[in-house]
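The values are calculated or read from the model by the stated rules, or taken from the named source; none is laboratory data. What you are looking at is a predicted structure, and each value in this text was computed from that prediction instead of being measured. As a convention, Cβ positions derive from the backbone with ideal geometry for all residues, glycine included, and neighbour counts pool all protein chains shown.
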Amino acid sequence: MINSVDLTNNRQHKTVFFETFGCQMNKLDAELSLGLLQEDGYKIVDKVDEADVILFNTCSVRQHAEDKVYSYLGALKTLKKRHPEVIVGVLGCMAQKDGESIFKRMPHVDLVCGTRMFSHLPELLLKIKNHGSHVLAIDENQVVNVKRAVTYRPNIYQAYVTVMRGCDNYCSYCIVPYVRGREISRTIADIKAEVQALVSNGCKEITLLGQNINSYGKNLSENITLGDLLTELNELEGLERIRYVTSHPKDMSKELIRTMSRLEKVCEHLHMPAQSGSDRVLKKMHRGYTCSDYRELISYAREQIPSITVASDFIVGFPGETEEDFQETVKLMEEIRFQNCFIFKYSTRTGTKASELEDNVPDEIKRERNLKLLDIQKRISLEENNKMIGRKVQVLVEGASKSDANRLSGRTRQNYIVVFNGSQDLIGRLVDITINDVTDLTLFGELK
């Protein structure tokens, strides 16, 4: 929780506090925004009492994320009364969705900046300093064009790279197309130049981002696909690994799976949300595929890439979801045996097609189903991880373990988290680890 504090003696010239909520795309947008601000002379601080600009990069996928931001904003009212010169801004999806209503609800907010306008942050902040507060910057058709400051990254050896923005699928429960806009892909040449700059700065692994990354290239003049992009990036010298998220089953092709199988730098991992195991629910969600389609894709992927791991997302308690529907989801989870799953209770998003349906699954049932799927996934993950004991795996060392600062942590190509003892000079290197113990979330091993 943010507390109101006295800034008189602590605030420095052009300092910014920046907090991000939500997905990988939000995290990358935050990184790009902070890079722009640094180039404009801002110093990034991790305490509100040291900042003269306070920014929240927001998420609207679930109500809880929005409630948290509004709570933080409310806590800043007293601060703004004492120090009206401090700039408070709301960026991202909530800004895009709520727009000017944020000013009405929180009059002390100075800036509301949408998902495609963050590249103008330095000039927007200057405008507020020179001409006063309440600057609204929202344009869903704006092309985001940011010259990336490649030296500003949380981890020099890894980087997210946006290859497209927006989504044209309009799943009935999802707010993303309304806050992120229609699909716009970057050119291969533009992406390649960014990745080359990252590699030249020490990056070894990239994760390509798109709300619906399988649709990459559809709006480009050439007949370009995600497979073409992966093929081009696979040739870059110095780049060790390539990942991509998130895949929509409707747009996943067997051709892309075959491309993955032949490119040595593309990691053997697929995040492809199923969302439900019930065809009836999938139809109401407007997902555009059946459970049979999903099963066939997974079967084909495992046939072409035997070592591939698969992760999924599921929503429980979608309007009208019956116990029979839920048991179909349980059946799918037991059959596919995902590496991990992100499981969410349905949350109505105003403006989506699903918001017109009666939210008729009681909260208690939603919680029960959520907990049951979490328990099933925990059991499956532990059973599958136990099969890794005794195996040697290649790990890209990311840094100190979050659970034990005296140990190192990294990931395999299949996205397993591995913790082991080792010296700091191993960070950023590919090492072989023999697994000797596991939990449902983590593999433990010894350096070989």
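With the checklist (1) buried (at least 16 other Cβ atoms within 10 Å of the Cβ); (2) under 28 Å from MET285 (Cβ atoms) in hand, flag the one item ASN219 doesn't pass.
Looking at each condition in turn, ASN219 falls short on (1).
VAL53 is checked against (1) touching a Lys or Arg at 6+ places or on another chain (Cβ under 9 Å); (2) at pLDDT below 95 and fails just one. What number does that condition carry?
(2)
Restricting to segment 225-250, name every residue that is assigned to a loop (DSSP other than H, G, I, E, B) and at pLDDT 95 or above.
Correct list: THR225, ASN234, GLU235, LEU236, GLU237, GLY238, LEU239, GLU240, SER247, HIS248, PRO249, LYS250.
Can you tell me which residue among GLU268, GLU222 is within 30 Å of GLU194 (Cα to Cα), in contact (Cβ under 8 Å) with a residue 60 or more places away in the chain, in contact with a helix residue (DSSP H, G or I) (Cβ under 9 Å, 6 or more places away or on another chain) and of a type outside the set (Gly, Ala, Ser)?
GLU268
Report every pair of residues separated by at least 6 positions or lying on different chains whose Cβ atoms are under 8 Å apart, first residue within segment 310-324 and over 10 Å from VAL361 (Cα atoms), second surrounded by fewer than 16 Cβ atoms within 10 Å (Cβ to Cβ).
Between residues of segment 310-324 that are over 10 Å from VAL361 (Cα atoms) and residues that are surrounded by fewer than 16 Cβ atoms within 10 Å (Cβ to Cβ), the close pairs are ALA311/PHE342; SER312/PHE342; ASP313/PHE342; PHE314/PHE342.
Can we say ASN370 is in contact with a strand residue (DSSP E or B) (Cβ under 6 Å, 6 or more places away or on another chain) and either at pLDDT 95 or above or not in a helix (DSSP H, G or I) (or both)? Steps first, please.
Working: in contact with a strand residue (DSSP E or B) (Cβ under 6 Å, 6 or more places away or on another chain): yes; either at pLDDT 95 or above or not in a helix (DSSP H, G or I) (or both): yes.
Answer is yes for this residue.
Find the residue count for segment 127-176, including only residues that are without any contact (Cβ under 8 Å) to a residue 24 or more places away in the chain and outside the structural domain of THR58 (by TED's automatic domain parsing).
Looking only at that region, the number is 1.
Are any of the residues in segment 257-266 within 30 Å of GLU328 (Cβ to Cβ), assigned to a helix (DSSP H, G or I), basic (Lys, Arg) and modelled with pLDDT of 95 or more?
yes
Rundown of residues vs (1) under 16 Å from VAL86 (Cα atoms); (2) surrounded by 13 or more Cβ atoms within 10 Å (Cβ to Cβ); (3) touching a strand residue (DSSP E or B) at 6+ places or on another chain (Cβ under 7 Å), yes/no style:
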| site | (1), (2), (3) |
| --- | --- |
| MET106 | yes, yes, no |
| SER119 | no, yes, no |
| LYS127 | yes, yes, yes |
| HIS134 | yes, yes, no |
| TYR152 | no, yes, no |
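Could you please find all residues in segment 146-167 being within 19 Å of ARG241 (Cβ to Cβ), of a type in the set (Ser, Thr, Tyr) and in a loop (DSSP other than H, G, I, E, B)?
TYR157
Would you confirm, using the coordinates I've provided, whether GLU264 is surrounded by fewer than 20 Cβ atoms within 10 Å (Cβ to Cβ), out of contact with any Cys (no Cβ under 6 Å at 6 or more places or on another chain), farther than 23 Å from LEU208 by Cα and acidic (Asp, Glu)?
Answer is no for this residue.
Condition check ((1) out of contact with any Gly (no Cβ under 6 Å at 6 or more places or on another chain); (2) at pLDDT below 95) across all residues:
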{"position": "PHE103", "(1), (2)": "yes, no"}
{"position": "PRO122", "(1), (2)": "yes, yes"}
{"position": "ILE138", "(1), (2)": "no, yes"}
{"position": "ASN141", "(1), (2)": "yes, yes"}
{"position": "ASN145", "(1), (2)": "yes, yes"}
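Tell me the residue from GLN275, GLN327 that is surrounded by fewer than 16 Cβ atoms within 10 Å (Cβ to Cβ) and either within 25 Å of the chain's Cα centre (by Cα) or not assigned by TED's automatic domain parsing to the domain that holds VAL61 (or both), please.
On the way: GLN275 fails: surrounded by fewer than 16 Cβ atoms within 10 Å (Cβ to Cβ).
Of the residues listed, the single one that is surrounded by fewer than 16 Cβ atoms within 10 Å (Cβ to Cβ) and either within 25 Å of the chain's Cα centre (by Cα) or not assigned by TED's automatic domain parsing to the domain that holds VAL61 (or both) is GLN327.
Filter segment 181-201 for residues that are surrounded by fewer than 22 Cβ atoms within 10 Å (Cβ to Cβ), in contact with a Lys or Arg (Cβ under 9 Å, 6 or more places away or on another chain) and not charged (D, E, K, R) and give the result.
ILE184, ALA197, ASN201
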